[in-house]
Amino acid sequence: QVQLVESGGGLVQPGGSLRLSCAASGSIFSINVMNWYRQAPGKQRELVATITSGGSTNYADSVKGRFTISGDNTKKTTYLQMNSLKPEDTAVYYCNGNMKIRSWQPPNAYWGQGTQVTVSS
């Protein structure tokens, strides 16, 4: 069974930084894409950042230049470095992975449980 576990959330002042981690465990054959999403109260979940197995990255316009997604394949861990945080970045952040557990099966989407990020003075 595949599990994604996020960590690193917390309370930070505006202008501060946090680094989120997403550790994948279980029987994983391959990871195609890893994403970070976030959901603020009363709002829809939105895609924040993406990294492919080849290392290509993409970001929402609202976080470009402030957030950086990266991955450590040996540890099966994905990171989201968040700098210059703003109050509007406050949300629950979710890790999402598009992964194969067996070579002959199509990939499935897996989600972590989420980690709260609060930006406030």
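The values are calculated or read from the model by the stated rules, or taken from the named source; none is laboratory data. None of the values given here were measured: they were computed from a predicted structure. FYI the Cβ positions are ideal-geometry reconstructions off the backbone, even for glycines, and counts take in every protein chain you see. Surface areas here come from the heavy atoms of the whole protein model, side chains and all, with no ligands, DNA or RNA. Shrake-Rupley method; radii C 1.70, N 1.55, O 1.52, S 1.80 Å.
Tabulated results
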{"read-out": "Average accessible surface area per residue within the chain, 1.4 Å rolling probe, Å²", "value": "55 Å²"}
{"read-out": "Farthest positive-ward along the chain dipole, Cα basis, beta-carbon charges - from A109, W36, S84", "value": "A109"}
{"read-out": "Length-normalised contact order for the range 66-121 - Cα pairs under 8 Å, 6+ apart - percent", "value": "31 percent"}
{"read-out": "Pairwise FRET efficiency - R19 versus Q105, Cβ, R0 = 35 Å, nearest 0.05", "value": "0.60"}
{"read-out": "Share of carbon and sulfur in the accessible heavy-atom surface of the chain [1.4 Å probe, %]", "value": "47 percent"}
{"read-out": "Two-site FRET efficiency, K86 against V2, from Cβ-Cβ distance with R₀ of 35 Å, rounded to 0.05", "value": "0.60"}
{"read-out": "Net charge of Cβ neighbours under 15 Å - reference A60; Lys, Arg +1; Asp, Glu -1", "value": "+2"}
{"read-out": "Net charge dipole size for the range 60-121 [Lys, Arg +1 and Asp, Glu -1 on Cβ; Debye, nearest 20]", "value": "280 debye"}
{"read-out": "Cα-based Rg / Dmax (Å) for the chain", "value": "14.2, 50"}
{"read-out": "FRET efficiency, 1/(1 + (r/R0)^6) with R0 30 Å, evaluated for S121 and D72 via beta carbons", "value": "0.35"}
{"read-out": "Highest average packing first - 25-37, 55-67, Cβ atoms within 10 Å", "value": "25-37, 55-67"}
{"read-out": "Percentage relative contact order, the chain, counting C-alpha pairs under 8 Å, at least six apart", "value": "36 percent"}
